[in-house]
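Read through the structure below, which is laid out as structure tokens, and then see the notes.
The values are calculated or read from the model by the stated rules, or taken from the named source; none is laboratory data. Note that the structure is a prediction, hence the values are computed from the model and not measured. Ideal geometry is used to build each Cβ from the backbone, glycine not excepted, and the neighbour counts take in all protein chains shown. Remember, those area values only see protein heavy atoms, side chains included, never the ligands or the DNA or RNA. Shrake-Rupley method; radii C 1.70, N 1.55, O 1.52, S 1.80 Å.
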Amino acid sequence: MIPFLVRRVLIAVPTIILISIFVFALQKLLPGDPLLVLAGEERDPEVLEFLREKYRLNDPIPVQYLAWVGNALQGDLGISLRSNQPVTELMAEKLPVTIQLAVMSILFALMIGIPAGILSAVKKGTITDYVANIVALSGLSIPNFWLGIMLILLVSVKWQLLPASGYVPLSEDFWQSIRTMLMPAFVLGTGLAATLMRHTRSSMLGVLSADYVRTARAKGLSERTVILKHSFRNALTPIVTITALLFGELIAGAVLTEQIFTIPGFGKLVVDAVFNRDYAVVQGIVLVTAVGFIFMNLIADMMYFVLNPRLREQ
Amino acid sequence: MTDATSTDAGIDPVLAAKPENRVWKKLRAHRSAMLGGALVVFFLLVALAAPLLPIPDPAATDWGAVRKPPSAAHWLGTDEIGRDILSRMIWGAQASLLAGVISVAIAVLLGVPLGLVAGFFGGWTDAVISRCTEALLAAPFLILAIALAAFLGPSLTNAMIAIGISATPIFIRLTRGQVINIKSEDYVESARAIGLPTPRILSRYILPNVLPPILVQATLTIATAIIAEAALSFLGLGQQPPAPSWGSMLNTAKNFLNQAPWMALWPGISIFLVVLGFNLLGDGLRDALDPREH
């Protein structure tokens, strides 16, 4: 297991280097001289020169890149032009908000997606299976930002059950915090639940036709034991992997969800940064989410080993 | 190749039926695929007919009819500056479908050749292309598209480019995998043995055989791309006002939920239906093209 993991980590290194090159190259896509904005109306040549030195824009591009990566490795992703705060600090501030949203969404997704997937696999070809599939495909096709708007309209505007927007930190008021996050987490969770349901279904279908499941049935075990103990446990490996890989979808979904429900998280940060032309923040977020995704991939691989004893022995 | 098929025809008419016909027949029998196809065709027709339909100018404001609920004059009501929502929906269909199709075309045109080259030649070429693909895949699709749209500047064209580039790695990876499976097949080996030049092997023997899964993926990616365009426009990074787009209509609608809830209804339903259509069609195509299920 250890040599495999070491190899896996080593493969991740060039990928991370490439990502950092892409992210660095983004700023070179910008039309015009970004410093003209900073230098103000007068565009004093001396000020411009000073800024060029300060941001190392006079150096050759590879040197600029190395300086940028060097700083990034030390946790310095630059300064936000807007708030004058270090980008890392800004991100650290918003992270707990998005993590709460993400955890609650994943819980929703697991609670809906897995039972639905098992049910539709067990009842394959019946009306239950058909309905579950249609619902899942609809879940994948509904733009979650629209679902959010419709829920606000119903639950907050019409029935006045839950707050339409905002954020209360967990430490401040636990229940209020959960309550405020309920609707956004549901909106974000449904899309993930659809993906999860489809994977659970196909994984369960593969297992249900296995010999040992037939044996379990033949020796008279209850259907419940056959499905939950013998089948689901074996179908679990790909499901766990998929859950780890949903990270990307989760972050992207969080951008829109946070926008609709005005939640001050990671996603809101990146959208605000885009509109304020706060490019250091945009770059920082792309870099951090990409590295986070690679990390989740690694975890998914490790889970494979933990869950599958046959791989461990090799 | 053609000779071989015509000889078969004498022996077994079922096997000899053109593969296109076989796929078409299976697709015709696939109810949900047909429903998806009908949805797609409907929206395509609406988008194409937009300039011909007797509807008001989608950008024409009417201060006498601001935020009016659906009525005989305005079937779907009017928006916050008195524009006809039905007309904006119909013109918005154009933006959505155009964005879906063009960005996927960009992704296919970039991704398939790179995947062919990576899979066929292997070695260093493959290593470089594959590492770049992995790096691009690591950034979540929408985040990458948002970043690209932000740096390129907000416009529908740039949104399409951003979505196209973000979707490219999917096609590189898919094509590469297919090519690796196919290149050791006997017919490719024999094409090589009789000394056909590489470009001809690639275009005549490999490309046609990797196309079916790419067609399926392209159909499903159009669905993703339409949602992505709507999302970018919703965030203000896609279609710019006053040009209509379903995403930006939702963005405005969100501010008038109390006063004019109908503004939020139709754009969302349309995005949902057209995306559902492409998803159903893609799933159906996958079943119809699956050679294991004859």
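Before we move on, is A:T241 under 30 Å from B:G268 (Cα atoms), of a type in the set (S, T, Y), open to solvent by 10 Å² or more (accessible area, probe 1.4 Å) and more than 8 Å from every other protein chain (Cβ to nearest Cβ)? No. Does A:S202 qualify as being surrounded by fewer than 19 Cβ atoms within 10 Å (Cβ to Cβ) and either at pLDDT below 85 or more than 22 Å from A:L107 (Cα to Cα) (or both)? No, not satisfied. Of all the residues in the range A:69-83, those that are out of contact with any strand residue (DSSP E or B) (no Cβ under 9 Å at 6 or more places or on another chain) and in a loop (DSSP other than H, G, I, E, B) number 4. Residue count for the range A:250-268 satisfying the condition of being more than 7 Å from chain B (Cβ to nearest Cβ) and either open to solvent by 20 Å² or more (accessible area, probe 1.4 Å) or among the polar types (S, T, N, Q) (or both): 4.
Out of the residues in the range A:249-268 that are small (G, A, S) and touching a residue at least 24 places away in the same chain (Cβ under 8 Å), which is farthest from A:V97 (Cα to Cα)? By that ranking, first place goes to A:G253. Determine, yes or no, whether A:T289 is part of a helix (DSSP H, G or I), at negative phi and within 9 Å of chain B (Cβ to nearest Cβ). Against the criterion (part of a helix (DSSP H, G or I), at negative phi and within 9 Å of chain B (Cβ to nearest Cβ)), A:T289 qualifies.
Remark: pairs (first residue in the range B:112-137, surrounded by fewer than 20 Cβ atoms within 10 Å (Cβ to Cβ); second residue of a type in the set (S, T, Y) and at pLDDT 90 or above; Cβ separation under 7 Å; 6+ apart in sequence or on different chains) = B:V117/B:T125. Exactly one residue out of A:A136, A:A67 is farther than 27 Å from B:V275 by Cα and either out of contact with any Cys (no Cβ under 7 Å at 6 or more places or on another chain) or at pLDDT 90 or above (or both), and it is A:A67. Which residue is least open to solvent (accessible area, probe 1.4 Å), if the candidates are limited to the range A:270-283 and must be more than 10 Å from chain B (Cβ to nearest Cβ) and more than 26 Å from B:F256 (Cβ to Cβ)? So the residue we want is A:V281. Among the numbered conditions (1) buried (at least 24 other Cβ atoms within 10 Å of the Cβ); (2) away from chain A (no Cβ under 14 Å), the only one that B:S190 does not meet is (1). Of the numbered conditions (1) more than 12 Å from chain A (Cβ to nearest Cβ); (2) under 15 Å from the mean Cα position of the chain (by Cα), B:A228 fails exactly one; give the number of that condition. Result: B:A228 fails condition (1) only.
When you look at B:L250, is it farther than 21 Å from B:I214 by Cβ, within 10 Å of chain A (Cβ to nearest Cβ) and not small (G, A, S), yes or no? Criteria met by B:L250.
Among the residues of the range B:127-173, which ones are of a type in the set (A, V, I, L, M, F, W, C) and not in a helix (DSSP H, G or I)? Scanning the range B:127-173 gives a single hit, B:A139.
Quick test of your reading of the structure: B:T224 fulfils all but one of (1) open to solvent by 50 Å² or more (accessible area, probe 1.4 Å); (2) farther than 30 Å from B:A59 by Cβ. Name the failing condition by number. Tallying (1) open to solvent by 50 Å² or more (accessible area, probe 1.4 Å); (2) farther than 30 Å from B:A59 by Cβ, B:T224 fails exactly one: (2).
Every condition in (1) within 27 Å of the chain's Cα centre (by Cα); (2) open to solvent by less than 30 Å² (accessible area, probe 1.4 Å); (3) away from chain A (no Cβ under 11 Å) is met by B:A147 except one, and the failing one is (3).
For first residues located in the range A:149-175 and hydrophobic (A, V, I, L, M, F, W, C), partners that are open to solvent by 70 Å² or more (accessible area, probe 1.4 Å) and lie 6+ apart or on another chain with Cβ distances below 7 Å form the pairs A:V155/A:L161; A:V157/B:N258; A:L162/A:R179.
Filtering the range B:255-278 to residues that are part of a helix (DSSP H, G or I), open to solvent by 20 Å² or more (accessible area, probe 1.4 Å) and within 7 Å of another protein chain (Cβ to nearest Cβ) leaves B:F272, B:L276. The residues of the range A:14-32 that are at pLDDT 85 or above and open to solvent by less than 70 Å² (accessible area, probe 1.4 Å), listed by number, are A:P14, A:T15, A:I16, A:L18, A:I19, A:S20, A:V23, A:F24, A:A25.
The criterion of at least 3 residues that are open to solvent by 60 Å² or more (accessible area, probe 1.4 Å) is met, among helices (runs of 4 or more DSSP H) falling completely within the range A:84-163, by A:87-122, A:127-141. Residues of the range B:109-144 being within 11 Å of chain A (Cβ to nearest Cβ) and farther than 25 Å from B:N158 by Cα, which ones? B:A127, B:V128, B:S130, B:R131, listed by residue number. For first residues located in the range A:114-138 and more than 20 Å from A:F232 (Cα to Cα), partners that are open to solvent by 20 Å² or more (accessible area, probe 1.4 Å) and aromatic (F, W, Y) and lie 6+ apart or on another chain with Cβ distances below 8 Å form the pairs A:S138/B:F272. Evaluate the following for A:A185: is it within 17 Å of A:G265 (Cβ to Cβ), in contact (Cβ under 8 Å) with a residue 40 or more places away in the chain and either within 20 Å of the chain's Cα centre (by Cα) or part of a loop (DSSP other than H, G, I, E, B) (or both)? The answer is yes for A:A185. Yes or no: B:G282 open to solvent by less than 10 Å² (accessible area, probe 1.4 Å) and at pLDDT 95 or above? Against the criterion (open to solvent by less than 10 Å² (accessible area, probe 1.4 Å) and at pLDDT 95 or above), B:G282 does not qualify.
Of all residues in the range A:218-232, those satisfying the criterion of being surrounded by 12 or more Cβ atoms within 10 Å (Cβ to Cβ), in a helix (DSSP H, G or I) and out of contact with any Leu (no Cβ under 6 Å at 6 or more places or on another chain) are A:T225, A:V226, A:I227, A:L228, A:K229, A:H230, A:F232. From the set of residues in the range A:6-24 that are facing chain B (nearest Cβ under 7 Å) and of a type outside the set (A, V, I, L, M), which is nearest to A:F293 (Cα to Cα)? Among those that are facing chain B (nearest Cβ under 7 Å) and of a type outside the set (A, V, I, L, M), it is A:T15.
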